[in-house]
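The values are calculated or read from the model by the stated rules, or taken from the named source; none is laboratory data. Here the structure is a predicted model, which is why all the values come from computation and not from measurement. Counting neighbours? That spans all protein chains shown, and the Cβs are built from the backbone with ideal geometry, glycine included.
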Amino acid sequence: MQTLADIDFVSLTQRPFHPSPAAWEDQVFYFFLLDRFSDGNEAGYRDNSGHLAVGGSTPLLQAADHGNALGAEADAASWRDAGARFVGGTLRGAMSKIGYLKRLGVTALWVSPVFKQPPWSDAYHGYGVQDFLAIDPRFGSREDLRELVATAHAQGIHVILDVILNHAGPVFTYAADRYPTEHGMDPRWDGRPYPAAGWNDATGQPSLPYGQPVSDPDAAVWPRELQAANSFSRLGRINNWDWYPEFIEGDFLDLKEIRLGDGVVDHYRVSPALKTLTRAYQYWIAYADLDGFRVDTVKHMDPGATRYFTACIHEFAQSIGKEQFTLIGEITGGRGNAFALRETTGLDAALGIDDIPDKLEYLVKGRRNPAEYFDLFRNSFDIGKDSHTWFRDKVVTLYDDHDQVRKGDNKARFCAGGGTLLAANALALNALTLGIPCIYYGSEQGLDGEGGNDRYLREAMFGGDFGAFRSRGRHCFDENHPIYVALARLLAVRRQYLALRRGRQYLRAISGNGHDFGEPCMIGGELRSVVAWSRLFTDREWLCAINTDDTSEQAAWVGLDHDLSPLGHSLVCLYCSDPARIGSRLEVASPHPDWHAVWLALPAAGCAVYGPAD
């Protein structure tokens, strides 16, 4: 398809569609970069039916394979270079791992952008689109996307697709006329437009007249409606990422900012380009039966543009029976900005990528006071709502991700530098606290990428030339991995009890002597302690806890709600990292006249969940 007029929406929408979930906070997201997840050639994994897969040539990674790509310096350089380009993950490969995700407890996939990139580009991540109505052939076909979604739906898994409104790929080249450098003119933003040298052809050269229709599907930008000269702002690249309006108007590096419109949010004048993109994404909802979008770079769009898009997408989705099609915005710039933009624009949730990942990761590692994390969910005065109402389904929480903007040039997954023993606790804290939890691919296998570039956070699960743990040619789909096993057990408990998904949340005070209670906190710059919190729902209390000490058992009195956990009441163990403790009970006592509490002991790096015994 080359134009919107080529789409027959009537026939597309005359069929039944997969319904939305009753509540998104009940879901567990799993985010993967398509190029780095699976190529379908793995050997010895369990297929979607749970049987040992037949065929495949890539063996399962073993401990002895770690570092097998780093022998000579030339080998190491080859491995590093491979991480900067397409490695080989495909839609059909991802489809073959739906059973792996189902058995883990995943109920919603967040898939990185799948749309066609410039054929001469190595932009494997998918965020530099050249054709918004086509699938990148390196990922597969549009039919493969439809089949992936259908396979996921058959396993009870929803599919969220990453989409981009703010920019297209490097589809034209500037004829910069100011700011000379030793490498030529620098087209950096100064509020004035630059002339364009031309549309880029299929080899990446600006050989085609800018603003004129192009016939080559591998050149310029598609659909054809976007080939109008005024579709792009042409104001140059962003240099100061926090300066308004530069961060709204400018380009992301070599990507090209699409002109979405202008005006204040309540009187926004929508551009033809934004109308084109909105209609294109409506097409993908209907064609592939998608359940939601993750909307990229919301901070860098006018609020009026985002509001228009969310309204049009929600209405279209509702017209085909998807009553709760979700729109999750990537909003950087602090939590206050995220709350305000979500409210203003009508997005369903914000992606918690600012302070939540930092506080979550380093609480588990014993380098943050627990209150710093739990207080993030208690600022109801700032947002004018009860916190458990807001955070329950308005924020997607995670700690590992594909960018890690928060870490600057020192990017590293949680497990880098010896975090593996505590990794299950990070996943548990994410799954058992407020928000919609999201697992970044490979966290369940302890992937430990680190380095001064995003590529090191984006190892290939399937091996290939840029495999995990600095390996080559080994896959990581191991359902016997201890982190995978622990998380699968934990998510099964979460799925069983509504309180663990929707309940109010309170960090609990602890005491070593039964008399002096207080919130756990760092001593001497580290936290080696039981950290416990309650989820309250329908006048009952569930207790969750982790031990941030990965070397020793820790125990403490844990304070409970005085009314909901009376003396003589008991809590039964529903989950524990030590399976022998499941089914055991904690009796509510009164070690101090002012407190109702239970004595809770957890093994090193342990985690447990307790619920009402009756």
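Residue count for segment 446-504 under the criterion of being more than 30 Å from residue 572 (Cβ to Cβ) and either basic (Lys, Arg) or in a helix (DSSP H, G or I) (or both): the result is 13.
If you take the residues of segment 370-400 that are under 23 Å from the mean Cα position of the chain (by Cα), surrounded by fewer than 20 Cβ atoms within 10 Å (Cβ to Cβ) and modelled with pLDDT of 80 or more, which of them is farthest from residue 502 (Cα to Cα)? The qualifying residue farthest from residue 502 (Cα to Cα) is 372. The residue pairs whose first member lies in segment 244-258 and is on the phi < 0 side of the Ramachandran plot and among the aromatic types (Phe, Trp, Tyr), whose second member is assigned to a strand (DSSP E or B) and at pLDDT 95 or above, and whose beta carbons are closer than 7 Å, counting only pairs six or more residues apart or on different chains, are 252/167.
Considering segment 562-593, and only residues there that are in contact with a His (Cβ under 9 Å, 6 or more places away or on another chain) and in contact (Cβ under 8 Å) with a residue 60 or more places away in the chain, the residue that is farthest from residue 547 (Cα to Cα) turns out to be 592. Within segment 279-286, not a single residue is at pLDDT 95 or above, over 30 Å from residue 521 (Cα atoms) and in contact with a Lys or Arg (Cβ under 7 Å, 6 or more places away or on another chain).
Hey, can you tell me all the residues within segment 95-125 that are within 20 Å of residue 293 (Cα to Cα) and in contact with a strand residue (DSSP E or B) (Cβ under 7 Å, 6 or more places away or on another chain)?
Our first condition is that a residue be within 20 Å of residue 293 (Cα to Cα); within segment 95-125, this holds for 95, 98, 101, 106-117, 124-125.
Across segment 95-125, the qualifying residues are 101, 106, 107, 108, 109, 110, 111, 112, 113, 114, 115, 116.
Within segment 41-73, track down each residue that is among the charged types (D, E, K, R), out of contact with any His (no Cβ under 6 Å at 6 or more places or on another chain) and either in a strand (DSSP E or B) or more than 16 Å from residue 93 (Cα to Cα) (or both). Please lay out each step first, then the result.
Filtering segment 41-73 for residues among the charged types (D, E, K, R) gives 42, 46-47, 65, 73.
Cutting the leftovers down to out of contact with any His (no Cβ under 6 Å at 6 or more places or on another chain) gives us 46-47, 65, 73.
Within segment 41-73, 46, 65, 73 qualify.
Apart from one condition, residue 223 fits all of (1) surrounded by 14 or more Cβ atoms within 10 Å (Cβ to Cβ); (2) more than 27 Å from residue 290 (Cα to Cα); the exception is (2).
Quick one: in segment 193-243, which of the residues that are aromatic (Phe, Trp, Tyr) and in contact (Cβ under 8 Å) with a residue 12 or more places away in the chain is nearest to residue 167 (Cα to Cα)? Break it down into steps so the answer makes sense when it comes.
Of the residues in segment 193-243, the ones aromatic (Phe, Trp, Tyr) are 194, 199, 210, 222, 232, 241, 243.
When the remaining residues are screened for being in contact (Cβ under 8 Å) with a residue 12 or more places away in the chain, the result is 194, 199, 210, 222, 232.
Working: 194: 16, 199: 15, 210: 17, 222: 13, 232: 8 Å.
Only one residue fits best here, namely 232.
Out of 579, 612, one residue alone is out of contact with any Phe, Trp or Tyr (no Cβ under 7 Å at 6 or more places or on another chain) and either over 19 Å from residue 486 (Cβ atoms) or modelled with pLDDT under 95 (or both). It is 612. Among the residues of segment 207-251, those identified as hydroxyl-bearing (Ser, Thr, Tyr) and either under 24 Å from residue 185 (Cα atoms) or within 33 Å of the chain's Cα centre (by Cα) (or both) are 207, 210, 231, 233, 244.
Quick check: is even one residue across segment 117-135 among the charged types (D, E, K, R), crowded, with 22+ Cβ neighbours inside 10 Å and under 21 Å from the mean Cα position of the chain (by Cα)? No.
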